[in-house]
Structures are given as C-alpha cells and as structure tokens.
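Peer 1: Pasting in a structure now, in structure tokens, and then I'll have a few things to ask.
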Amino acid sequence: MRAQPEWLMEPSDVWGHRWERCENPLARRYMEVTCRKESLVILAADLRTMDELKDLVGLVGPHIAALKTHVDLVDDWTADGWNELCELAEENDLMLFEDRKFADIGKISRGQMAGVYDIRSWADLVTAHGISGTDIVDGLCAGWADVQREGGVLLLAQMSSRGNLLSTKYREKMVAAGVNNPGVFGFIGNGSDATELAELGVAVGGRKLIWTPGVNLAVGDGEMGQRYGNPREAILAGSDGIIVGSGIHGVNNPRGAAEEYARVSWAAKLERLQDYNKL
Ligand code: S5P
C-alpha cells in the first residue's frame, strides 16, 4: 500500500458534488491523484518505441494524473518491456488508460481485452464507442472480470477531430446509456470546443467524469483534422481531465511543458471552484 502523502486540498473540497456522485472507485482514485499532484493532465503518450515511452513517463510522471497509451502504436512492443512501463506508471501513481476505442459487439470486445496485448491485465481504463450498442460496456467489464480485475470505460460522447459523426443526438444517447452504468468511468468530450463541451457537462451533471482531448496551449489546428482548444477554457467549460499528447511529447522540453499544463489545469480547476455549481 502506497504511503498517503498529505494533500494540500481535500478531494471532496476540490471535486464537490463529483466526489459525492461519482461512486466508481477509479474515478475517486483519479480525483485523489489530481489533488496529490495538483494536475488534471492525462498524458497521451503517443510514441513509437518502448525506450521513448519509458523515458517520457520517467520525465513527466510527477506532473501528470494518468497515463494514456495506444499499445498498438509501438514498433518494438514486448510483454516484458510493457511490464516495465506498467511498473513505472505504478511508481508514479498513474492509472493506465488504453485508448483502444473498442467498437465491436460485447462478446468480441471481451475477447479483444485478451489477445496478444492482454489489455485487461494492465489497463485500468479503456475507451469505447457505443456505435454497436452499449452492451459493449458489459463485454469490456467481463474482460476485466476474466482476470479478476475491475476497470472503467470511457465512452466517446464527442470527438475533437474535424468532420466526426458524433452528432448531438448520438451524444445524448451515449450519456443516457452511460451515466448510470457502474462500468462507465466517464465520457470523452471535445476539448477543442468549449460550447459543445459545456453542453456535454450539463447532460452528464457531475455523475461521471469528462476527459477531453483536443487541447493545446498553442490553440489552432493539429495534423490531419485534429482541432485544439485552450486547456483553461476546456476545464472552465466542464472538463475534469485534459488529455495532452503533442503539447507535451512533441516539444523540446516535455518536462517543462507537463509542468506548465499541470499548473494551468490546476489553476483552472480552482477557478471553477469559485462557482459551486460548476464544481
Ligand atoms: O476525439 C478524440 C478522442 C481521443 S481519445 N480525439 C483525440 O485526439 N483523442 C486522442 O487524444 C488521440 O488518440 C490522441 O492519443 C490524443 C490527442 O493527441 P494530441 O497530440 O493531438 O494532443
């Protein structure tokens, strides 16, 4: 059991009604980590080699609140190398979030949690589309149960990419289907558009967490249709965690960038506290 360092602010004070309403133990764990590290940054570690991944996590680990991976992006993946990465995440108090964007029927998604990468054995969180129906959440949870673990699903309610097909109606259905499901950790929202994000926030009503990709301190368009918004604005609009990839791993000084994103995210979270209803 990890020694519990004193945090400067209690998670219940910082997270208010989300702390009360999000009963998912992993959501609570995330909220505690944010207070220990004073950071709402989820690192999108989109790198191609095991060494680069481990170096990056070693560098920025103290400033991030969770680690998001794309396991199938790694050229030199090995089970042992991945175990080392998982250990490094554990040392840095980071939940592992595999952004697999599962989308198949429940039974196949359960099987895909196994396979070569055996995602069910190391990932605490995964992403899923609800396009084939939200039984996918049961399938993914059954995958974790197959190895006596529990995890949480982030359903994609919005996307940051230009031209995506996740309409308002689709978002409403995702939220309605996921908001009371204990297997759902939260929703992915569009960090590049504060108006859209605020609508998602109202629909979710603090009952689940909202994590947002598509944020960068250099606002504008990214590569191949990616769109970016400002991290402070995303948090003020209702984001509970900013997913940052190239803003950290794509710059000369990733550690400095991670510190800066952490500072900005925490300041915005405290700013949001001033309006109790937006806790
Ligand atoms: O709508 C989305 C959903 C996700 S999970 N848009 C996204 O960009 N993502 C992921 O966030 C994407 O797969 C990538 O890992 C990260 C964004 O990376 P960045 O380099 O653009 O910050």
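The values are calculated or read from the model by the stated rules, or taken from the named source; none is laboratory data. Here the structure is a predicted model, which is why all the values come from computation and not from measurement. All Cβ positions, glycine included, derive from the backbone under ideal geometry; neighbour counts span all protein chains shown.
Peer 1: Only one of Ala258, Ala267 is at pLDDT 95 or above, at negative phi and more than 16 Å from the ligand (Cβ to nearest atom). Can you tell me which?
Peer 2: Residue meeting the stated conditions: Ala267.
Peer 1: Taking the condition of being more than 14 Å from the ligand (Cβ to nearest atom) and in contact with a helix residue (DSSP H, G or I) (Cβ under 8 Å, 6 or more places away or on another chain), how many residues in the stretch 230-255 meet it?
Peer 2: Going residue by residue through the stretch 230-255, those that are more than 14 Å from the ligand (Cβ to nearest atom) are 232-233, 235-238, 240, 252-253, 255.
So of that shortlist, the ones also in contact with a helix residue (DSSP H, G or I) (Cβ under 8 Å, 6 or more places away or on another chain) come out as 232-233, 235-238, 240, 255.
Number of matching residues: 8.
Peer 1: Under 7 Å between Cβ atoms, at least 6 apart or on separate chains: pull out the pairs that start in the stretch 92-106 with a residue that is under 17 Å from Leu56 (Cβ atoms) and end on any residue that is within 11 Å of the ligand (Cβ to nearest atom) and among the basic types (Lys, Arg).
Peer 2: Taking only residues 6 or more apart or on different chains, the pairs are Phe97/Lys68; Asp99/Lys68.
Peer 1: Can you pull out the helices (runs of 4 or more DSSP H) entirely within the stretch 110-223 that have at least 3 residues that are buried (at least 23 other Cβ atoms within 10 Å of the Cβ), away from the ligand (no atom under 16 Å from the Cβ) and over 15 Å from the mean Cα position of the chain (by Cα)? Can you show your working first?
Peer 2: Working: elements: 119-122, 135-146, 168-178, 194-204.
Because the criterion is at least 3 residues that are buried (at least 23 other Cβ atoms within 10 Å of the Cβ), away from the ligand (no atom under 16 Å from the Cβ) and over 15 Å from the mean Cα position of the chain (by Cα), the helices (runs of 4 or more DSSP H) in the stretch 110-223 that meet it are 135-146.
Peer 1: Can you find even one residue in the stretch 240-248 that is assigned to a helix (DSSP H, G or I) and either buried (at least 24 other Cβ atoms within 10 Å of the Cβ) or of a type in the set (D, E, K, R) (or both)? It would help to see each step written out before you state the result.
Peer 2: In the first step, residues of the stretch 240-248 are kept if they are assigned to a helix (DSSP H, G or I); the result is 246-248.
Those still in the list that are either buried (at least 24 other Cβ atoms within 10 Å of the Cβ) or of a type in the set (D, E, K, R) (or both) too: 247-248.
Scanning the stretch 240-248 turns up at least one residue that is assigned to a helix (DSSP H, G or I) and either buried (at least 24 other Cβ atoms within 10 Å of the Cβ) or of a type in the set (D, E, K, R) (or both).
Peer 1: Being without any contact (Cβ under 8 Å) to a residue 60 or more places away in the chain and either surrounded by 15 or more Cβ atoms within 10 Å (Cβ to Cβ) or out of contact with any Ser or Thr (no Cβ under 6 Å at 6 or more places or on another chain) (or both), is that true of even one residue in the stretch 37-46?
Peer 2: Looking only at the stretch 37-46, we keep the residues that are without any contact (Cβ under 8 Å) to a residue 60 or more places away in the chain, and these are none.
There is no residue in the stretch 37-46 that is without any contact (Cβ under 8 Å) to a residue 60 or more places away in the chain and either surrounded by 15 or more Cβ atoms within 10 Å (Cβ to Cβ) or out of contact with any Ser or Thr (no Cβ under 6 Å at 6 or more places or on another chain) (or both).
Peer 1: State yes or no: is Gly133 out of contact with any Pro (no Cβ under 7 Å at 6 or more places or on another chain) and under 18 Å from Pro25 (Cβ atoms)? Before the answer, list the steps.
Peer 2: Working: out of contact with any Pro (no Cβ under 7 Å at 6 or more places or on another chain): yes; under 18 Å from Pro25 (Cβ atoms): no.
Spelling it out, it is not the case that Gly133 is out of contact with any Pro (no Cβ under 7 Å at 6 or more places or on another chain) and under 18 Å from Pro25 (Cβ atoms).
Peer 1: Please verify whether the stretch 178-186 includes one or more residues that are without any contact (Cβ under 8 Å) to a residue 40 or more places away in the chain and among the small types (Gly, Ala, Ser). Walk me through it before giving the result.
Peer 2: Within the stretch 178-186, the subset without any contact (Cβ under 8 Å) to a residue 40 or more places away in the chain is 179-180.
Among the residues that remain, those that are also among the small types (Gly, Ala, Ser) are: none.
Looking for residues that are without any contact (Cβ under 8 Å) to a residue 40 or more places away in the chain and among the small types (Gly, Ala, Ser), one finds none in the stretch 178-186, hence no.
Peer 1: Consider Lys107 carefully, then state whether it is more than 30 Å from Arg272 (Cβ to Cβ) and away from the ligand (no atom under 16 Å from the Cβ).
Peer 2: Working: more than 30 Å from Arg272 (Cβ to Cβ): yes; away from the ligand (no atom under 16 Å from the Cβ): yes.
Spelling it out, Lys107 is indeed more than 30 Å from Arg272 (Cβ to Cβ) and away from the ligand (no atom under 16 Å from the Cβ).
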